[in-house]
Amino acid sequence: MRGFIAFSKKEITENIRNYRLLIMLAIFLIFGLMSPLLAKFTPQLMEALMPNLAEAFENPTALDSWTQFYKNVSSLGLSLTIILFSSCLSGEYAKGTLTIMLTKGLSRPAVVLSKFSAAAVILTVSYWLAFGVTYGYTAYLWPGASLPHVFLAAFALWTAGLLYLSILMLGCVLFRQAFTSILFLLVVTVIMGLVEQIEQTAGYSPVILVSKNIDLLSGTVTASYFTIPFIVSIFTSAALLIMSIVVFNKKQL
Amino acid sequence: MKDVLSIKGLSKSFGTQKVIDNLDLSVPEGTIFGFIGQNGAGKTTTMKMTLGLLEADGGEITVCGEAVRYGQTKNNHHIGYLPDVPEFYNYMKPLEYLALCGEIAGLSKSNTKDRSDELLSLVGLNGVKKRIGGFSRGMKQRLGIAQALLSRPKLLICDEPTSALDPVGRKEILDILQKIKGTTTVIFSTHILSDVERICDRVAVLHNGNIAISGTLSEIKTMHGKERLLLEFSQKSEVSQFKACEKIKPLLSQTEESGTEIILQGKDIVHIQRVVISVLAETGLCPSKMEIMESSLENLFLEVVM
């Protein structure tokens, strides 16, 4: 526990000093601001650029604002997060900075858990910052608009974000290079997508947590549709973290 | 004397290559122990297994009476480790780094602070406020010693601490190691033999995965060293004339010859001297120089590894 706290503090310091935290906050803040604005001003933009298509974009609603939000965050936002944190262990392997830490009595599980916790905390802060900004702005631009399950939809994407981080963690522990860890994450994501395509397992995959948020807001799917993917996602994350620890314990440094 | 480190029957292979083969080694308390071997002899491998960073294929390692287990870093509080090229977090300042080390090792904040100040002045880094990223290799090596000594370990393991340094840096590191000799046992791997002769009490030569020779420096020199007698003549023809003598022939099995010089080797130097002097007297040859060459660690080392 002592090692975990000390190393987590080091992780946070590292993320501040190598500007990862700043980049994350900036990116997510931009998404938070941009999503409602884009939704609001798309009709004007379209009218100016492509007048014959403008009709399709008339009368944007709060739902359009959230559509922008989920589109931006689930694709670009999460991708950038993954890219930023993919080097969290490879750098330490390559330089050999962990050796001294481990010889000081730092336990290996503490290394994995600290890395994950720091990434999770930074993602959480940045993500909910973006959510808060979009929420406030949407309420301001479309007063009186009320959508169902606004928080639940956001919570779903956040859970999926943490799942992606734990997949990345296992990738980082398994492979020495950041690029390979990202590749590993891509493979797992594709598998999760395929699980959703197979008839027998449709409705179980955590992919739902990143793809059906808008359907939840528009009322196309009900909240209960998210229950199983939620549970699957949380258990998978926990299992992946345990696997990461087990693999890392055996890794020769 | 109690042994701080004892290794019994240690083996390690990488793939099909056997790096360490049934190695036995013990390091008594309070010594500076020179661990010598060629590049790739397995010095670092042995040290990493001692720290629990690498898994041994077989054998037993005990540090201060506690068995070392791979992946477990529990008994590392007895050990301070200085890697061959110590790497730190570049964005930290030396005091911050030592504070992190202290926190991980479980030292109290005030204890860490006092000890850090003390060690940074020992290694000559006190008052250095810049980030580690801007450090020279020598400075990193010195910070490496400071972090290794932070929790007052009983054993300090240094992996080639001087190999990459310039003469000034090397001297500084050796001086620091000499300073801490009273309180900490030091294992010091290297292939720079003059460093070993300068500070080590005991040495072990690692060759073919095993300890080829070990003991105190003087023990090794008397036990394994061959003494050498150098003769220098003024002309080459005199050398061949000298070699042609019947009495000298039995001594010629291990000679080195270059130009007008000839070096005779053997276990019993007095006997060699007697023979040579009588031959010189009989033939009337007069060498311009005759000298007993002390056996150096370098000769010994070469003899073992060649």
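The values are calculated or read from the model by the stated rules, or taken from the named source; none is laboratory data. None of the values given here were measured: they were computed from a predicted structure. Ideal geometry is used to build each Cβ from the backbone, glycine not excepted, and the neighbour counts take in all protein chains shown. The protein model used for the area step is the full one, side chains on, heavy atoms only, and it has no ligands, DNA or RNA in it. Shrake-Rupley method; radii C 1.70, N 1.55, O 1.52, S 1.80 Å.
Only residues that are within 14 Å of chain B (Cβ to nearest Cβ), of a type in the set (A, V, I, L, M) and loosely packed, with under 15 Cβ neighbours inside 10 Å: list them for region A:1-31, please.
Of the residues in region A:1-31, the ones within 14 Å of chain B (Cβ to nearest Cβ) are A:1-22.
Among the residues that remain, those that are also of a type in the set (A, V, I, L, M) are: A:1, A:5-6, A:12, A:16, A:21-22.
Across region A:1-31, the qualifying residues are A:M1, A:I5, A:I16, A:L22.
All conditions in (1) among the small types (G, A, S); (2) surrounded by 18 or more Cβ atoms within 10 Å (Cβ to Cβ); (3) facing another protein chain (nearest Cβ under 9 Å) hold for B:A41, with the sole exception of (3). Scanning region A:218-247 for residues that are within 14 Å of another protein chain (Cβ to nearest Cβ) and over 23 Å from the mean Cα position of the chain (by Cα), we see that the one that is least open to solvent (accessible area, probe 1.4 Å) is A:V247.
Summed over region A:89-98, residues that are aliphatic (A, V, I, L, M), open to solvent by less than 10 Å² (accessible area, probe 1.4 Å) and within 11 Å of another protein chain (Cβ to nearest Cβ) total 1.
Taking region B:87-104 as the search range and keeping residues that are of a type in the set (A, V, I, L, M, F, W, C) and over 28 Å from the mean Cα position of the chain (by Cα), which one is farthest from the other protein chains (Cβ to nearest Cβ)? If we take residues in region B:87-104 being of a type in the set (A, V, I, L, M, F, W, C) and over 28 Å from the mean Cα position of the chain (by Cα), then B:L95 is farthest from the other protein chains (Cβ to nearest Cβ).
Run down B:A164, B:A204 and say which single residue is of a type outside the set (S, T, Y), part of a strand (DSSP E or B) and in the same structural domain as B:K48 (by TED's automatic domain parsing). Every option except B:A204 fails the conditions. For region A:138-193, give me each residue that is surrounded by 15 or more Cβ atoms within 10 Å (Cβ to Cβ), of a type in the set (A, V, I, L, M, F, W, C) and closer than 18 Å to A:A94 by Cβ. Scanning region A:138-193 gives A:L168, A:M169, A:C172, A:V173, A:L174, A:F175, A:A178, A:I182, A:F184.
The single residue among A:R20, A:R2 that is over 30 Å from A:T180 (Cα atoms), basic (K, R) and out of contact with any strand residue (DSSP E or B) (no Cβ under 9 Å at 6 or more places or on another chain) turns out to be A:R2. Restricting attention to region B:256-304, the residues that are at pLDDT 80 or above, hydroxyl-bearing (S, T, Y) and surrounded by 16 or more Cβ atoms within 10 Å (Cβ to Cβ) total 1. Would region B:74-84 turn up any residue that is within 20 Å of B:T44 (Cβ to Cβ), assigned by TED's automatic domain parsing to the domain that holds B:I7 and aliphatic (A, V, I, L, M)? For region B:74-84, residues within 20 Å of B:T44 (Cβ to Cβ), assigned by TED's automatic domain parsing to the domain that holds B:I7 and aliphatic (A, V, I, L, M): present.
Per-residue answers, yes or no, for (1) surrounded by 23 or more Cβ atoms within 10 Å (Cβ to Cβ); (2) assigned to a helix (DSSP H, G or I); (3) not polar (S, T, N, Q):
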site: A:L84; (1), (2), (3): no, yes, yes
site: A:S87; (1), (2), (3): no, no, no
site: A:I100; (1), (2), (3): yes, yes, yes
site: A:V121; (1), (2), (3): no, yes, yes
site: A:Y127; (1), (2), (3): yes, yes, yes
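Of all the criteria given as (1) within 22 Å of B:R198 (Cα to Cα); (2) of a type in the set (A, V, I, L, M); (3) surrounded by 15 or more Cβ atoms within 10 Å (Cβ to Cβ), the one not satisfied by B:A164 is (3). Screening B:I211, B:I187 for residues that are part of a strand (DSSP E or B), on the phi < 0 side of the Ramachandran plot, open to solvent by 30 Å² or more (accessible area, probe 1.4 Å) and in contact (Cβ under 8 Å) with a residue 40 or more places away in the chain leaves exactly one candidate, B:I211. Sub-6 Å Cβ pairs linking a first residue in region B:91-105 that is under 12 Å from B:K130 (Cα atoms) to a second residue that is open to solvent by 10 Å² or more (accessible area, probe 1.4 Å) and in a helix (DSSP H, G or I), at least 6 apart or interchain, are B:Y91/A:R17, ordered by first then second residue. For B:V196, the requirement of being assigned to a helix (DSSP H, G or I), of a type in the set (A, V, I, L, M) and under 21 Å from B:G40 (Cα atoms) is met. Annotation note: Cβ proximity below 6 Å between a residue of region A:218-233 that is farther than 20 Å from A:G193 by Cα and a residue that is open to solvent by 70 Å² or more (accessible area, probe 1.4 Å) (sequence gap 6+ or interchain) occurs for A:A223/A:H149. Answer yes or no: is there a residue in region B:255-264 that is in contact with a helix residue (DSSP H, G or I) (Cβ under 7 Å, 6 or more places away or on another chain), of a type in the set (S, T, Y) and free of Cβ contacts under 8 Å to residues at least 40 places away in the same chain. Yes: one or more hits. Restricting attention to region B:44-76, the residues being within 14 Å of B:T190 (Cβ to Cβ) and either in contact with a helix residue (DSSP H, G or I) (Cβ under 7 Å, 6 or more places away or on another chain) or open to solvent by 10 Å² or more (accessible area, probe 1.4 Å) (or both) number 1. Checking each residue in region B:46-86 for being more than 11 Å from chain A (Cβ to nearest Cβ) and without any contact (Cβ under 8 Å) to a residue 40 or more places away in the chain picks out B:G65, B:E66, B:A67, B:V68, B:R69.
Name the residue that is farthest from B:L51 (Cα to Cα), counting only residues in region A:202-217 that are of a type in the set (S, T, Y) and open to solvent by 50 Å² or more (accessible area, probe 1.4 Å). Before you say what the answer is, go through the steps one by one.
Initial filter on region A:202-217 (of a type in the set (S, T, Y)): A:204-205, A:211.
Checking which are open to solvent by 50 Å² or more (accessible area, probe 1.4 Å) leaves us with A:204, A:211.
Details: A:Y204: 45, A:S211: 48 Å.
Once the filter is applied, the top-ranked residue is A:S211.
Being within 13 Å of the chain's Cα centre (by Cα), open to solvent by 10 Å² or more (accessible area, probe 1.4 Å) and under 21 Å from B:T50 (Cα atoms): is that true of B:E197 here? When the stated conditions are applied, B:E197 does not pass them.
Please work out which residue is farthest from the other protein chains (Cβ to nearest Cβ), limiting yourself to region A:102-112 and to residues that are part of a helix (DSSP H, G or I) and either aliphatic (A, V, I, L, M) or open to solvent by 20 Å² or more (accessible area, probe 1.4 Å) (or both). Only one residue fits best here, namely A:V112.
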